[in-house]
Structures are given as structure tokens and as C-alpha cells.
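Before any comments, here is the structure.
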Amino acid sequence: MAKRKKSILKSIWLLLLLLAVISSVVYYITDYISRPKFVRYPAFGIDLPVNYTIHGIDVSRYQHNIDWAAVQAMQDKQVKIGFAFIKATEGLGRVDNNFRKNWFHAKQAFMPRGAYHFFISSKSGKAQAENFIETVNLSKGDLPPVLDIETANGASVTDIQQRVKDWLTRIEKQYKVKPIIYTNINFYENFLAGKFDDYPLWVAHYYVKDKPRIERKWTIWQHHEKGRVNGIDAYVDFNVFNGDSASFRNMLIK
């Protein structure tokens with residue numbers, strides 16, 4: 001009887017030991033998969049516009065896990081990453097899978113950060129604004145909210161302009177700051193020009209050397225979509241700010 005009891009206790013002990021080993025293996029595998037990979041590049045991998053001193057990136061879930069400390073620390077000659085826009089929301093209810101993680105860790109790395117909403121032109125501007133507001137808490141030192149609008153989704157010019165106005169008005173009322181509009185030149189000229197010229201413009205225009213080819217004043221220029229940055233194992237959009245450090249600080253949330 002004593003022998004049998006001893007054998008049972010030994011079996012239980014071995015089973016517990018096996019479970020502990022399996023648990024440890026699963027933990028380390030999960031930790032390895034989810035851990036940001038520190039990727040180093042000798043430079044940013046693209047030609048950078050030389051007439052601007054403040055450079056930035058924008059990211060979403062497509063950049064996967066980001067080592068924000070590595071992003072902040074990277075420097076090539078006089079160029080550092082001076083700001084980052086992070087995708088927060090899309091449409092009526094979507095939240096970017098990596099937003100909360102990116103938002104927190106960018107702040108921890110002392111990276112000036114901003115949040116953007118990807119606009120669905122066929123949906124209510126007011127409802128999309130509420131999606132952003134429910135998701136994004138801005139604090140002192142953050143960049144203004146951004147409306148990313150690139151496609152018409154079958155909506156008319158009149159409807160798009162009204163929905164954009166609804167989003168901008170609600171966001172400005174909530175955060176007490178004028179939002180930034182992100183779009184490309186063709187979309188701006190075909191759907192927005194003349195109606196929103198008093199809002200800061202973040203314009204996308206790739207593969208031109210000196211500045212985007214748009215008549216109106218712009219604040220940020222997205223000039224390339226295939227940059228490389230330490231700490232990000234994917235291509236990254238690159239941007240420049242149109243102004244000096246004092247102008248940049250003046251744009252941040254007070």
C-alpha cells in the first residue's frame with residue numbers, strides 16, 4: 001500500500017513538473033513572437049528632402065511590433081525621427097489593432113505623437129468622429145488629430161464635404177484644436193479645395209525632390225512610402241514638417 005502511494009505521488013510530481021516545463025516553453029515562445037524585433041539599418045534607405053529639419057513617420061498595424069526606443073534613438077548625420085503619426089481608428093467602429101500599444105510606447109520613448117482616423121466617405125462624419133473620440137485621449141505635447149481621407153467610396157462631392165465638415169467640427173469642439181487634413185493632391189483638388197483651406201494640410205506626393213506640387217500652403221509632406229527605420233521590420237511612410245522647431249512646438253497640444 002505504501003509502495004503504491006509512493007508511486008502515485010511520484011507520478012503526480014512528474015506530471016506537475018511536465019506541466020511546468022510546457023508552461024515555461026509556451027511562455028518563452030509567446031514572448032519571443034510578440035517581442036519587438038530590433039532592426040538596424042545603416043541609413044533610412046531613401047533620399048530625404050534636404051531643405052527640412054524636422055522629419056517624421058506614420059505607422060499602423062502594418063508595421064507590426066515597433067521598438068519605439070530604437071526609432072527615437074536612430075540618427076543618420078543630422079537627421080532624426082522628430083514625430084510619429086499613429087493610426088487610431090477607421091470608419092464607424094474600427095480601432096487599429098496596434099494603436100493602444102503604439103500610443104503608449106511612443107509616449108514612453110518621448111516621441112512626439114499624433115493620432116489619425118481613416119475616413120470612409122460614404123459614412124457619417126459625426127459617427128466617425130465619435131469613434132475617434134472614444135479611442136484617443138490627447139495630452140500636452142501631442143500633435144493635433146488627423147483626418148485621413150483618400151477615397152470617395154461612391155459619395156458625391158457635396159456629401160463628402162458635409163461629412164468631412166461634420167468630423168472636423170466635432171473633433172475641434174472635443175479637443176479644442178484645429179485638426180489636420182491628410183490627403184493626396186488629386187483628391188484635395190477634386191473634392192476639398194476651396195472648402196477647407198483654413199485647415200492645416202498634410203499632403204501625400206511621392207518621388208518629388210523639393211516640395212509637393214500643390215498651390216495652397218501645406219504643413220506636412222508625406223514624400224515616400226518605403227523608408228527604413230531602426231526598430232521597425234517593415235517599410236515606413238516618411239514625412240517632413242514645413243517649418244522650424246519653434247513652429248513645430250507651437251503646433252503641439254498645449
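The values are calculated or read from the model by the stated rules, or taken from the named source; none is laboratory data. Treat the numbers as computed from the prediction; the structure is a model and nothing was measured. Positions of Cβ are backbone-derived with ideal geometry, glycine not excepted, and every protein chain shown enters the neighbour counts.
A few notes on this one:
- Candidates in region 227-253 are the residues that are among the charged types (D, E, K, R) and part of a loop (DSSP other than H, G, I, E, B); of these, the one that is nearest to A204 (Cα to Cα) is R228.
- When I81, I86 are checked against the criterion of being assigned by TED's automatic domain parsing to the domain that holds N230, touching a His at 6+ places or on another chain (Cβ under 7 Å), assigned to a strand (DSSP E or B) and not small (G, A, S), a single residue qualifies: I81.
- Test: residue in region 136-159 that is in a loop (DSSP other than H, G, I, E, B), out of contact with any helix residue (DSSP H, G or I) (no Cβ under 9 Å at 6 or more places or on another chain) and in contact (Cβ under 8 Å) with a residue 40 or more places away in the chain: yes
- Unmet criterion (only one of (1) over 27 Å from K80 (Cα atoms); (2) touching a helix residue (DSSP H, G or I) at 6+ places or on another chain (Cβ under 9 Å); (3) buried (at least 19 other Cβ atoms within 10 Å of the Cβ)) for Y188: (2)
- From T158, T135, residue being of a type in the set (S, T, Y), over 20 Å from P112 (Cα atoms) and assigned by TED's automatic domain parsing to the domain that holds A109: T158
- Qualifying residue in region 222-236 (condition: modelled with pLDDT under 95, among the aromatic types (F, W, Y) and either touching a helix residue (DSSP H, G or I) at 6+ places or on another chain (Cβ under 8 Å) or surrounded by fewer than 20 Cβ atoms within 10 Å (Cβ to Cβ) (or both)): no
- Of the residues making up region 47-71, just one is within 21 Å of the chain's Cα centre (by Cα) and modelled with pLDDT under 90, namely L48.
- Within region 145-158, the set of residues being more than 22 Å from I220 (Cβ to Cβ) and surrounded by 15 or more Cβ atoms within 10 Å (Cβ to Cβ) comprises A152, A155.
- Residue count for region 168-217 satisfying the condition of being free of Cβ contacts under 8 Å to residues at least 24 places away in the same chain, over 26 Å from I253 (Cα atoms) and in a loop (DSSP other than H, G, I, E, B): 7.
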